[in-house]
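Written below as structure tokens is the structure these notes are about.
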Amino acid sequence: MQTVQRQSISDQLRHRFDTAKSVLVLTGAGVSAESGVPTFRGGGNTAVWKGMPFDVISSAKMVDRDLPAVWEWFDYRRTLLQPLEPNAAHREIARWEKRFQQFILVTQNIDGLHQKAGSKSVIELHGNISRARCVECHARYEILAGESRPEQCAGCGNWLRPDVVLFGEILPPGAFELAAKSAQKCELCIVVGTSGIVYPAASLPEIAKAAGAYLCEVNPERTALSGLFDEVLTGKAGEVLPMIASAPDSTNTHS
Ligand code: BV8
Ligand code: ZN
């Protein structure tokens with residue numbers, strides 16, 4: 001599939017990028033792929049842990065059935081993540097935060113790499129792997145690098161679980177509502193590195209489209225949502241995002 005060249009970024013997108021006041025960016029595992037974070041799907045197969053598809057081990061049922069197994073899965077991923085650094089895509093998105101009056105970054109990722117790249121306001125729809133939460137009183141605890149993970153709640157003594165949203169669980173209170181409200185207001189919505197299969201996250205581009213936003217997808221592969229977009233930029237996020245920002249807006253008379 002022909003990857004993006006600078007010149008294939010449309011005047012429409014350049015103009016929107018140059019003039020938009022309100023921009024929403026939605027990211028998935030693909031934005032972290034160039035940092036070495038394994039994606040869940042890609043190349044046709046789905047991540048599996050000890051014979052269990054990831055949406056089984058990462059499910060609410062599993063916390064009730066076998067919390068130690070769930071911790072083993074997230075402890076493995078957290079260890080994998082520790083040495084990894086943000087890539088050019090994370091850094092570019094962090095720059096965009098300062099460029100637009102209203103800029104909303106919504107991520108499905110629990111890896112914290114957007115924040116590590118300098119993004120200040122990140123809506124983490126699915127939680128964060130560096131936190132634990134009490135199953136009873138919901139008190140939250142940071143899991144510090146190189147330190148042993150707290151097992152029980154210092155407040156009420158109950159077990160702690162990963163502070164991530166598992167399949168079959170509702171999203172953090174207000175997170176989706178805030179993201180949906182921003183999608184209704186944005187003029188430009190850029191969706192980066194997601195297969196667009198998991199809901200309600202995948203409904204955000206649909207909400208932005210219905211509100212008249214210009215929709216752009218950045219992904220080396222076609223996705224379940226590709227048909228929805230005004231513009232599909234086929235390529236890696238770390239290569240394509242800097243191109244969008246640096247593409248001169250030939251339609252802009254004053255520049
Ligand atoms: C809920 C945290 C309700 C844990 C995650 C409607 C229709 C159908 C099903 C449902 C529906 N509504 C709800 C459901 C059920 C379910 C769901 O969506 N199931 C799917 C599988 C069909 N949703 C839920 O359960 C949600 N909760 O609905 O609650 C409710 C209401 C009342 C009472 C109780 C409950 C909760 C969903 C959240 C689950 N947690 N993560 C963990 O990380 O383990 S989801 C997890 O998987 C990620 O966060 C992410 O959301 C998803 C993976 O998707 P992607 O990030 O897109 O990654 P993927 O690998 O798939 O794709 C990567 C893409 O990147 C590819 O396209 C690839 O080409 C591209 N790429 C690769 N390299 C690059 C690149 N792109 C750019 N640059 C590169 N270099
Ligand atoms: Zn507690």
Of 204, 225, 241, the only residue that is buried (at least 19 other Cβ atoms within 10 Å of the Cβ) and farther than 28 Å from residue 59 by Cα is 241
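Restricting attention to the range 208-251, report how many residues are among the β-branched types (Val, Ile, Thr) and over 17 Å from residue 20 (Cβ atoms). It would help to see each step written out before you state the result.
Step one: of the range 208-251, the residues among the β-branched types (Val, Ile, Thr) are 218, 223, 232, 234, 240, 244, 251.
Now restrict to residues that are over 17 Å from residue 20 (Cβ atoms): 223, 232, 234, 240.
Residues meeting the conditions: 4.
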Within the range 17-30, residues crowded, with 21+ Cβ neighbours inside 10 Å and not aliphatic (A, V, I, L, M) come out as 17, 27, 28, 30
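Can you pull out the residues in the range 37-52 that are small (Gly, Ala, Ser) and either away from ligand 1 (no atom under 11 Å from the Cβ) or part of a helix (DSSP H, G or I) (or both)? Talk me through it step by step, then tell me what you get.
So the first thing to find is which residues in the range 37-52 are small (Gly, Ala, Ser), and the list is 42-44, 47, 51.
Across the range 37-52, the qualifying residue is only 51.
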Scanning the range 189-212 for residues that are within 12 Å of ligand 1 (Cβ to nearest atom) and assigned to a strand (DSSP E or B), the one farthest from residue 36 (Cα to Cα) turns out to be 190
Of the residues in the range 31-45 that are polar (S, T, N, Q) and surrounded by 12 or more Cβ atoms within 10 Å (Cβ to Cβ), the one that is modelled with the lowest pLDDT is 39
Point to revise | Some residue of the range 95-116 being under 28 Å from residue 183 (Cβ atoms), of a type in the set (A, V, I, L, M, F, W, C) and over 17 Å from the mean Cα position of the chain (by Cα) | key: yes
Checklist line | Qualifying residue in the range 95-106 (condition: farther than 21 Å from residue 187 by Cα and among the acidic types (Asp, Glu)) | finding: no
Only one of 197, 207 is β-branched (Val, Ile, Thr), touching a residue at least 12 places away in the same chain (Cβ under 8 Å), out of contact with any helix residue (DSSP H, G or I) (no Cβ under 6 Å at 6 or more places or on another chain) and more than 16 Å from ligand 2 (Cβ to nearest atom), namely 197
Flagged pairs (Cβ under 9 angstrom, 6 or more apart or on separate chains; first in the range 177-188, at pLDDT 95 or above and in a helix (DSSP H, G or I); second surrounded by 23 or more Cβ atoms within 10 Å (Cβ to Cβ) and not aliphatic (A, V, I, L, M)) are 183/189; 183/205
Reported set for the range 142-170 where residues are within 16 Å of ligand 1 (Cβ to nearest atom), part of a loop (DSSP other than H, G, I, E, B) and surrounded by fewer than 18 Cβ atoms within 10 Å (Cβ to Cβ) is 168, 169, 170
When the range 55-73 is checked residue by residue, the ones that are surrounded by fewer than 18 Cβ atoms within 10 Å (Cβ to Cβ) and of a type in the set (Gly, Ala, Ser) are 60, 69
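Taking residue 14 as the residue in question, decide whether it is closer than 20 Å to residue 205 by Cα and over 22 Å from the mean Cα position of the chain (by Cα). Steps first, please.
Details: closer than 20 Å to residue 205 by Cα: yes; over 22 Å from the mean Cα position of the chain (by Cα): yes.
Answer is yes for this residue.
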Pairs returned, first residue in the range 78-95 that is among the polar types (S, T, N, Q), second residue that is surrounded by fewer than 23 Cβ atoms within 10 Å (Cβ to Cβ) and modelled with pLDDT under 95, beta-carbon separation under 6 angstrom, 6 or more apart or interchain, are 82/145
Residue count, the range 86-117, condition out of contact with any helix residue (DSSP H, G or I) (no Cβ under 6 Å at 6 or more places or on another chain) and surrounded by fewer than 23 Cβ atoms within 10 Å (Cβ to Cβ), comes to 13
Subset of the range 152-178, residues more than 16 Å from ligand 2 (Cβ to nearest atom) and touching a Pro at 6+ places or on another chain (Cβ under 9 Å), comes to 165, 171, 176
Checked pairs for the range 49-66, first in contact (Cβ under 8 Å) with a residue 60 or more places away in the chain, second assigned to a helix (DSSP H, G or I) and surrounded by 11 or more Cβ atoms within 10 Å (Cβ to Cβ), C-beta under 6 Å and 6 or more apart or across chains, list as 62/70; 63/70
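Among the residues of the range 10-23, how many are among the hydrophobic types (A, V, I, L, M, F, W, C) and more than 16 Å from residue 232 (Cα to Cα)? Reasoning before the result, please.
Restricting attention to the range 10-23, the residues satisfying the condition of being among the hydrophobic types (A, V, I, L, M, F, W, C) are 13, 17, 20, 23.
If we keep only those that are more than 16 Å from residue 232 (Cα to Cα) too, we end up with 20, 23.
Number of matching residues: 2.
The values are calculated or read from the model by the stated rules, or taken from the named source; none is laboratory data. What you see is a predicted model; the values in this text were computed from it and never measured. No Cβ is skipped: glycine too gets one built from the backbone with ideal geometry, and neighbour counts run over all protein chains shown.
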